[in-house]
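Trainee: Pasting a structure here, questions to come.
The values are calculated or read from the model by the stated rules, or taken from the named source; none is laboratory data. Note that this is a predicted model, so its numbers are computed, not measured. No Cβ is skipped: glycine too gets one built from the backbone with ideal geometry, and neighbour counts run over all protein chains shown. Protein only, heavy atoms only, side chains kept; ligands, DNA and RNA dropped before computing areas. Shrake-Rupley method; radii C 1.70, N 1.55, O 1.52, S 1.80 Å.
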Protein chains: 2
Amino acid sequence: MKPYFELLTKDEKTKARAGILHTAHQDIQTPIFMPVGTVGSVKAVHQQELKDDIKAQIILGNTYHLYLRPGLEVINKAGGLHKFINWDRAILTDSGGYQVFSLAANRKLSDDGVTFKSHIDGSKHTFTPENVVDTQRIIGSDIMMALDECTPYPCDYDYAKKSLDLTHHWLKKGFEHFEKTKPLYGYEQAYFPIVQGSVYKDLREQSAETIASYNAVGYAIGGLSVGEPAEMMYDIIKIVNNILPSEKPRYLMGVGTPENILEGISLGVDMFDCVMPTRNARNGMLFTQKGIINIKNAKWKFDYSPIDENGTSYVDNQYSKAYLRHLIVANERLAAQIASIHNLSFYLWLVQEARKHILADDFESWKKEIVKQVTQRI
Amino acid sequence: MKPYFELLTKDEKTKARAGILHTAHQDIQTPIFMPVGTVGSVKAVHQQELKDDIKAQIILGNTYHLYLRPGLEVINKAGGLHKFINWDRAILTDSGGYQVFSLAANRKLSDDGVTFKSHIDGSKHTFTPENVVDTQRIIGSDIMMALDECTPYPCDYDYAKKSLDLTHHWLKKGFEHFEKTKPLYGYEQAYFPIVQGSVYKDLREQSAETIASYNAVGYAIGGLSVGEPAEMMYDIIKIVNNILPSEKPRYLMGVGTPENILEGISLGVDMFDCVMPTRNARNGMLFTQKGIINIKNAKWKFDYSPIDENGTSYVDNQYSKAYLRHLIVANERLAAQIASIHNLSFYLWLVQEARKHILADDFESWKKEIVKQVTQRI
């Protein structure tokens with residue numbers, strides 16, 4: 001039997017790794033970026049485009065959103081989220097915790113879990129370490145996440161410590177429940193614990209050690225990219241990845257810019273997700289190999305060149321910058337569709353290119369050059 | 001040289017016709033439905049989907065919208081609208097008159113044209129019978145429309161008569177200008193006059209005779225489907241089509257429901273456009289061979305069957321009713337994308353099916369059955 005994670009190579013000069021993650025639905029080439037499909041749809045993108053054009057291998061679903069709409073009964077009767085949305089590659093779901101803390105109202109935390117009111121209709125709900133496992137069993141994601149509290153930034157030490165204790169307490173309950181329960185649809189599901197601890201070195205070390213003590217098939221780093229400086233984030237990733245076992249995949253939650261992702265890869269992270277490529281697409285920001293474009297700028301008004309000559313998706317050469325600019329300015333739906341496909345294709349290109357260079361043993365020099373290019377405003 | 005319009009057959013029992021319209025960019029199989037691409041985009045639909053999935057042969061552009069955004073300079077420097085939006089099949093543009101009367105403010109009409117304020121920024125503009133020809137030369141549409149006043153319903157006789165005189169006066173000026181000017185991009189453009197006259201038989205007759213006296217390659221019927229009963233609309237189409245020369249194509253503007261279109265075809269109309277399939281798609285209304293679906297209804301919540309087993313586009317079998325319902329309820333962009341592709345594919349299927357039955361000489365009996373099916377709510 002194949003291991004869950006095959007580590008193919010570790011870069012000599014950085015901590016970057018290339019591997020294959022054998023999930024139930026898909027063998028995922030890592031490092032990988034996972035497009036966010038919040039409520040069962042990657043916004044403005046067809047599933048077919050995700051597969052054929054963007055070449056996504058795994059997408060995210062948000063448990064909080066899916067639990068509220070369409071609700072578990074609809075997903076369960078469909079035979080799980082894959083069937084419901086017609087997606088036969090991998091799906092990762094978060095635990096719902098993040099959205100409870102960012103969207104829901106009237107939160108009350110306890111050792112048992114968190115009660116909250118829906119941001120849609122104010123109805124009252126409870127997430128516990130155990131029931132978010134059950135929920136993700138119903139969703140049928142390839143990778144389920146533990147319930148955690150994602151601390152804000154800044155966050156004082158005492159709160160961060162107290163919160164971390166709660167996250168660890170919840171993890172114990174969640175992991176036990178995970179081990180006691182079975183998947184519903186005939187394929188295996190993984191369960192990833194999450195390192196927290198805000199920006200405090202000792203808390204992060206303590207958390208990484210606690211998390212690593214669970215025999216999970218993969219681990220996540222949460223609570224970053226919440227407002228802290230990027231250097232602080234990189235420092236914490238270094239600290240955490242020194243402790244997490246190297247033979248298991250590491251998922252940096254909610255990160256980030258192309259530069260963040262390349263730095264994360266060089267620090268030994270294998271998996272990333274972020275709403276940035278789709279959210280920024282809807283606002284007219286395009287990520288390209290040559291730099292960042294604000295397509296709303298007047299300079300593109302008469303630029304009839306393709307959106308991205310080097311782009312990997314069909315939209316890049318089918319539509320011009322001037323046309324995309326017009327669509328954004330005129331508030332046409334097609335703008336978000338085109339820009340989302342473009343940005344996601346770029347993100348998937350970026351991580352696969354990183355992978356190639358890790359395997360070719362020239363990741364560090366490639367990264368140095370590509371970071372310069374992709375971070376400049378053009 | 002081929003005639004502009006090849007009339008292949010006239011149905012014996014009805015007035016229905018099948019033909020081929022030889023436009024500069026596309027040989028169009030009539031009767032045809034033309035998806036509306038208001039401001040250079042059929043809302044929520046990629047150009048590739050229009051071609052490959054929906055099988056559109058001709059789409060509409062709205063001169064008023066395109067004139068305001070992106071503006072004529074952007075379109076001109078692109079080499080025309082086809083190149084700007086990357087669409088190599090036919091385009092028809094209206095004259096802008098309809099939107100001036102439905103969207104713009106502070107309208108002032110005169111023999112020379114109409115001044116108005118933009119609904120976007122309040123800026124003042126003038127459309128004349130001549131300059132809307134020039135504008136459509138710049139847009140480069142395969143079929144240009146004359147400037148007319150589309151009267152509302154109800155409309156008193158005196159106003160309708162006065163308005164019709166103005167429309168005819170404008171037509172004279174517009175047609176002369178059309179004949180004096182040349183296309184800008186190396187291919188021919190047609191110019192269709194428009195029959196008006198509100199719901200008044202004598203005015204409609206007078207208008208059809210006036211319009212037919214111009215040696216245009218095609219004619220349009222405007223001012224219908226603006227609130228009058230359907231039977232009244234059909235009566236007027238009958239009157240008008242008795243006068244318009246049978247060897248030229250007839251375009252019924254802004255119509256309509258699947259039933260309206262089938263009735264129009266049986267009355268000798270060759271071309272249709274309407275925002276209904278896309279606008280209603282965005283509200284969750286699906287047109288299918290079996291009837292009309294309001295996908296928001298609770299009855300579809302657990303219906304995991306394909307959107308339309310008989311549908312002709314890829315979305316019909318890739319996505320389920322329950323999933324589409326969820327997307328609409330959750331206000332996800334993908335809902336409009338899926339439903340728009342579905343509805344437009346259905347409209348194109350409907351007219352091509354009508355064409356087949358006209359050619360097979362069983363249009364009347366087919367129409368009787370299909371109207372029953374497509375008009376019922378399911």
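Trainee: How many partner chain Cβ atoms sit within 10 Å of a residue's Cβ in peptide A:95-103, on average, as a whole number?
Mentor: The per-residue average across the peptide is 0.
Trainee: Which lysines have a Cα less than 28 Å from the Cα of residue B:182, not counting those fewer than 8 places away in the same chain?
Mentor: By straight Cα distance, residue B:182 reaches A:301, B:2, B:77, B:83, B:124, B:172, B:173, B:248.
Trainee: Continuing with this model, one more query. Does the stretch B:320-378 come out rounded, prolate or oblate by the C-alpha gyration tensor, with a ≥ b ≥ c the root eigenvalues, rounded set by a/c under 1.5 and, if not, prolate when a/b is larger than b/c and oblate if not?
Mentor: prolate
Trainee: Count, for each residue of B:311-318, the Cβ atoms from other chains sitting within 10 Å of its Cβ, then give me the mean as a whole number.
Mentor: Average neighbour count from other chains, rounded to a whole number: 1.
Trainee: Can you tell me the dipole magnitude for the protein assembly as shown around its Cα centre, using point charges on the Cβ only (Lys, Arg +1; Asp, Glu -1), in Debye to the nearest 20?
Mentor: Here the size comes out at about 640 debye.
Trainee: Among A:37, A:152, A:196, pick out the residue whose Cα is farthest towards the positive end of the charge dipole of chain A, where Lys and Arg carry +1 and Asp and Glu carry -1 on C-beta, about the Cα centre.
Mentor: It is A:37, whose Cα lies furthest towards the positive end.
Trainee: Under a Cβ-Cβ cut-off of 10 Å, what is the net charge of the residues other than residue A:332 that fall near it, where Lys and Arg count +1 and Asp and Glu count -1?
Mentor: +3
Trainee: Under the definition of Cα pairs under 8 Å and six or more residues apart, what whole-number percent is the relative contact order of the stretch A:1-152?
Mentor: Value for the stretch A:1-152: 19 percent.
Trainee: Compute for chains A and B the buried accessible surface, both sides summed, probe 1.4 Å, and express it in Å² to the nearest 100.
Mentor: About 3700 Å² of accessible surface is lost on pairing.
Trainee: Let me test this: with uniform point scatterers at the alpha carbons of chain B, what is the Debye-based log₁₀ I(q)/I(0) at q = 0.09 1/Å?
Mentor: The Debye formula, applied to the Cα set alone, gives -0.50.
Trainee: Next up: Give me the dipole magnitude in Debye, nearest 20, for chain A about the Cα centre, with unit charges on the beta carbon: positive for Lys and Arg, negative for Asp and Glu.
Mentor: For this selection, approximately 900 debye.
Trainee: Moving on. How many percent of DSSP beta bridges within the stretch B:1-140 run antiparallel, rounded to 5?
Mentor: 75
Trainee: Between residue A:213 and residue A:184, what is the label-point separation in nm under the 7 Å Cα-to-beta-carbon projection?
Mentor: Each label point lies 7 Å from its Cα, and together they span 3.3 nm.
Trainee: Nearest 0.05, what FRET efficiency do residue A:305 and residue A:55 give at R0 = 41 Å with Cβ-Cβ as r?
Mentor: Efficiency, rounded to the nearest 0.05: 0.95.
Trainee: Under the classification rounded if a/c is under 1.5, otherwise prolate if a/b is larger than b/c and oblate if not, where does the protein assembly as shown fall, given a ≥ b ≥ c as square roots of the Cα gyration tensor eigenvalues?
Mentor: Verdict is prolate for the protein assembly as shown.
Trainee: Another question about this same structure. Excluding residue A:307 itself, what net charge comes from residues whose Cβ is under 9 Å from its Cβ, given Lys and Arg +1 and Asp and Glu -1?
Mentor: It works out to a net charge of -2.
Trainee: Which percent, to the nearest 5, of DSSP beta bridges fully inside the protein assembly as shown are antiparallel?
Mentor: 50
Trainee: Within the stretch A:75-94, which residues have the backbone N less than 20 Å from the label spot 7 Å out from residue B:317 along Cα→beta-carbon, could you tell me?
Mentor: What the label zone holds, given the 20 Å backbone N cut-off, is A:83-89.
Trainee: If you take the charge dipole of chain B about its Cα centre, with +1 on Lys and Arg Cβ and -1 on Asp and Glu Cβ, which of B:354, B:122, B:183 is farthest toward its positive end?
Mentor: My answer, from the dipole projection, is B:122.
Trainee: Let me ask something else about it. Defining a contact as two alpha carbons under 8 Å apart and six or more residues distant in sequence, what relative contact order in percent does chain B show?
Mentor: The value is 18 percent.
Trainee: What is the distance, in nm, between label points placed 7 Å from the Cα along the Cα-to-Cβ direction at residue B:230 and at residue B:368?
Mentor: Between residue B:230 and residue B:368, the simple spin-label model gives 1.7 nm.
Trainee: Given a 10 angstrom Cα cut-off, can you work out which residue in A:129, A:152, A:277 is the most mobile in a GNM of chain A?
Mentor: Answer for the Gaussian network model of chain A: A:152.
Trainee: A further question on this structure: For residue B:275, place a label point 7 Å from Cα along the Cα-to-Cβ direction in every copy; what are the distances to the other copies, in nm, shortest first?
Mentor: Label point to label point, same position, other copies: 2.9 nm.
Trainee: Let me ask another. Determine the equivalent ellipsoid of the stretch B:90-212 by diagonalising the alpha-carbon gyration tensor, then write out the semi-axes as square roots of 5 times the eigenvalues, largest first, rounded to whole Å.
Mentor: Largest first, the stretch B:90-212 gives 23, 19, 12 Å.
Trainee: With a cut-off of 11 Å, note down the residues of the stretch A:126-167 whose backbone N falls inside the zone around a label point 7 Å from the Cα of residue A:107 toward its beta carbon.
Mentor: Zone members listed by number: A:148-153.
Trainee: Could you pull out the pairs from A:117/B:299; B:180/B:201; B:290/B:368 whose alpha carbons sit more than 25 Å apart here?
Mentor: Checking Cα-Cα distances, A:117/B:299; B:180/B:201 exceed 25 Å.
Trainee: When you look at the Cβ of every residue in B:64-75, what mean number of other chain Cβ atoms sits within 10 Å?
Mentor: 3
Trainee: Also, I was wondering about something else. Which of rounded, prolate or oblate describes the stretch B:277-321 when judged by the alpha-carbon gyration tensor and an a/c cut-off of 1.5?
Mentor: Oblate shape, in that a/c is at least 1.5 and b/c is the bigger or equal ratio.
Trainee: Follow-up question, since we're still on this one. Copy-to-copy spacing for residue A:152, label 7 Å out on the Cα-to-C-beta vector, in nm, shortest first?
Mentor: Residue A:152 label point versus its equivalents elsewhere: 5.1 nm.
Trainee: Sticking with this one: State which helices in chain A qualify, where a helix is a whole DSSP H run, it must extend 18 Å or more along its own axis by its Cα atoms, and its mean Kyte-Doolittle hydropathy must be at least 0.5.
Mentor: Helices passing the filter in chain A: A:230-243.
Trainee: Name the residue farthest towards the positive end of the dipole of chain A from the options A:64, A:171, A:323, assuming +1 on Cβ of Lys and Arg, -1 on Cβ of Asp and Glu, about the Cα centre.
Mentor: Checking the options against the dipole of chain A, the answer is A:323.
Trainee: Another question, if that's okay. Scan the stretch B:141-219 for GluC sites (Glu not before Pro) in coil per DSSP, keeping those whose Cβ has at most 15 other Cβ atoms within 10 Å, and list them by number.
Mentor: Filter output for the stretch B:141-219: B:188.
Trainee: Over the stretch A:247-335, what is the relative contact order in percent, taking alpha-carbon pairs closer than 8 angstrom and at least six residues apart?
Mentor: Reported as a whole number, the value is 20 percent.
Trainee: Now a separate question. What nm distances, shortest first, do you get from the label point of residue B:183 to those in the other copies when the point sits 7 angstrom along Cα to Cβ?
Mentor: 5.9
Trainee: May I pose another question? For the stretch A:321-378, give the magnitude of the charge dipole about the Cα centre (Cβ charges: +1 Lys/Arg, -1 Asp/Glu; no others), in debye to the nearest 20.
Mentor: Value, rounded to 20: 260 debye.
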